[in-house]
Every structure is written in structure tokens, then in C-alpha cells.
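Heads up: the structure comes next, in C-alpha cells.
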Amino acid sequence: MDSARPGHPPDNEPPRDGVPAPADPPSGAVLPGGTGAGSQRLRRRGQGELESQVLAVLRSANGPATAGWVQEHLEGDLAYTTVITILSRLYAKSAVTRSREGRSYTWTPAADEAGLAALRMRRVLDGERDRDAVLARFISALSPGDEDRLRALLARADAPDDPEGPDAPDDPDDTYNPRDTEGM
């Protein structure tokens, strides 16, 4: 019985209890969970990976796009309902905007990759009771280079005559302003 697969009798041994052993999948078939002869394990996507892909596709569109258009331009075979779910989650996070077009929506990115990461960071911070402790730990964990960048960004945001400061006129190409997330 050394050559038996777990739960299967060896090929030269009759089945037990009159129940035949399940047939092996065809060569190269992939079973749910990524098992099967000649299969490769399906890779699990990282957190936020699909959202990033959907945002990248939306940014490549020449204007608002339908969920069907997004689905067609994504790599892989995602179901339409999966694309709608991702777009709805991005909408709830204020990373995309939508407008009604007939019976469905068209979608437009409201945040780039950096904006989406900033929204996630802000939500984590908003979920903590001791904001001072969280911010202090965050700052103490920064590399010296990142700490210098943060200081420069804070100084630039506080400068009243800075063209990129908080009182600067809105840039139509700039879709994300961290100060717009107040109260999210």
C-alpha cells in the first residue's frame, strides 16, 4: 500500500466496501484549490491588489467607464459581479466616483495609488482611540529619510505662500487631497 494516494487503494488493489475510488482528473486539470495533475497552486492575491488593478484600468480610460468596460480590460477572468463589488468598495472608500447612466453607473477614479494608501492609513488611524500613541509609534518607526520627508511635507503644508499648500487653487489633475478626508 506504499503507492496509494491518501484515501485511495493502490491501482492494483480492488476498491474496499464495493465503492470505487474517485477517478483522477484529466492530465493538466486544475481542481478547486489549485490541485490536480500538472497543476500549479493558484496564487492568492494580496490585500488591495484587485482594487489597485481596477483603479489602474479606470485611470487608463478616456473618461468615465462602465463596470463591463473595466471587466474587459482587467487581466484574468473576473466575474462581472466581482468587478461591481470592487468598484462599490472603492466608492465606499471615496477612491472612485460614480454617476448614473441609464440603469447602471459609470465610474471615475478619484484617487491614485498614493491616495488610496493614504485613505487606508487614515482609516486605521481613525479606528484607534489613542491617536497620539499611534502617531508617536508611527513616527518612531520611520527611517531617518522618511522622517525627513514627513517633516518637509508638514512644513510645506503649513507654508501660507506655498503654491502646493492647503490654500492653493485646485489642480484639475490632482484627484486627491489628504485634507479632503477630514471626518471620513
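The values are calculated or read from the model by the stated rules, or taken from the named source; none is laboratory data. Just so it is clear, the structure is predicted and the values come from calculations on it, not from any experiment. As a convention, Cβ positions derive from the backbone with ideal geometry for all residues, glycine included, and neighbour counts pool all protein chains shown. The protein model used for the area step is the full one, side chains on, heavy atoms only, and it has no ligands, DNA or RNA in it. Shrake-Rupley method; radii C 1.70, N 1.55, O 1.52, S 1.80 Å.
So here's what we get for this one:
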| quantity | calculated |
| --- | --- |
| For residue 100, solvent-accessible area (1.4 Å; no DNA, RNA or ligand), Å² | 140 Å² |
| Cα-Cα P(r), region 88-157, percent of pairs per 10 Å interval | 17, 35, 29, 13, 7, 0 |
| Within the accessible area of region 67-155 (1.4 Å probe), percent carbon and sulfur | 54 percent |
| Mean Cβ neighbour count within 10 Å, used as a protection proxy, ranking 138-145, 72-79 highest first | 72-79, 138-145 |
| Accessible area of region 67-137 divided out per residue, in Å², using a probe of 1.4 angstrom | 65 Å² |
| Amide H within-cut-off set for residue 97, under 5 Å, with H built and near neighbours excluded | 108, 110 |
| Other-chain or far-sequence residues with amide H under 5 Å of residue 66's (modelled H) | 107 |
| Solvent-accessible surface (1.4 angstrom probe) belonging to residue 57, in square angstrom, nearest 10 | 20 Å² |
| Phi to ³J(HN,Hα) by Karplus 6.51 cos²θ - 1.76 cosθ + 1.60 over region 76-89, Hz, x for Gly, Pro | x, 10, 7, 5, 4, 5, 5, 4, 4, 4, 5, 4, 5, 5 |
| Difference of contour (0.36 nm per residue) and Cα-Cα distance, residue 92 to residue 61 | 9.1 nm |
